[in-house]
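**Student:** Take a look at the following structure, please.
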Amino acid sequence: QVQLVESGGGLVQAGGSLKLSCAASGRTFSSFGMGWFRQAPGKERVFVAAISWTGRPTYYADLVKGRFNISRENAKNMLYLQMNALKPEDTAVYYCGASERRIGVRADDYIYWGQGTQVTVSS
């Protein structure tokens, strides 16, 4: 079992930045590929970014490429998502997930999820 707890969400103006964190506990964190997904009201959960066991490679959804950066600190059991140049369309609940795959871009690749953290970007 892996427990995941996201934090760092909030309300920010368009163009601003936020850094999300995901704290993991339970099984060995470094054995999981990790990812961030988001879900807007009335929509499906969609892929945002993923990172492999070792930190490389990383993958990003086209909508966030160049603006978001995913990273991890295995020694601290932490996953991060630095979000810059935020847009109102980035508004969603953001979830971190853990995958037994080296790296995954589909929600089905992930077996553990956090409870989510709300990100709201005002125009």
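**Student:** Give the peptides 83-92, 9-18 in descending order of average Cβ contacts within 10 Å, highest first. List each step's numbers first, then the result.
**Tutor:** Values: 83-92: 17.3, 9-18: 14.0.
Listed from highest to lowest mean packing, they are 83-92, 9-18.
**Student:** How large is the Rg to Rh ratio of segment 1-69 when both quantities use alpha carbon positions and Rh follows Kirkwood? Mind dumping the intermediate values first?
**Tutor:** On the way: Rg = 13.4 Å, Rh = 13.7 Å.
With Rh from the inverse mean 1/r over Cα pairs, Rg/Rh is 0.98.
**Student:** Which value, in debye to the nearest 20, gives the size of the charge dipole of the chain about its Cα centre, when Lys and Arg are +1 and Asp and Glu are -1 at the Cβ? Write down the numbers at each step before the final one.
**Tutor:** Details: 14 positive and 9 negative charges, 47 e Å.
In total the dipole reaches around 220 debye.
**Student:** As I understand it, the dipole of the chain uses +1 on the Cβ of Lys and Arg and -1 on the Cβ of Asp and Glu, about the Cα centre. Which of 14, 74, 111 lies farthest toward its positive end?
**Tutor:** Checking the options against the dipole of the chain, the answer is 74.
**Student:** Okay, moving on. If you split all Cα-Cα distances of segment 63-123 into 10 Å bins from zero, what percentages do you get per bin, shortest first?
**Tutor:** 18, 48, 30, 4
**Student:** If I take all pairs of Cα atoms in segment 18-123, what percentage of them are more than 19 Å from each other?
**Tutor:** Values: 1965 of 5565 pairs.
The answer is 35 percent, as a whole percent.
Computed from the coordinates by the stated procedures, all read-outs in this text should not be read as laboratory data. All figures in this text were calculated on a predicted structure; none of them were measured in a lab. Glycine also receives a Cβ, built like all others from the backbone with ideal geometry; neighbour counts cover every protein chain displayed.
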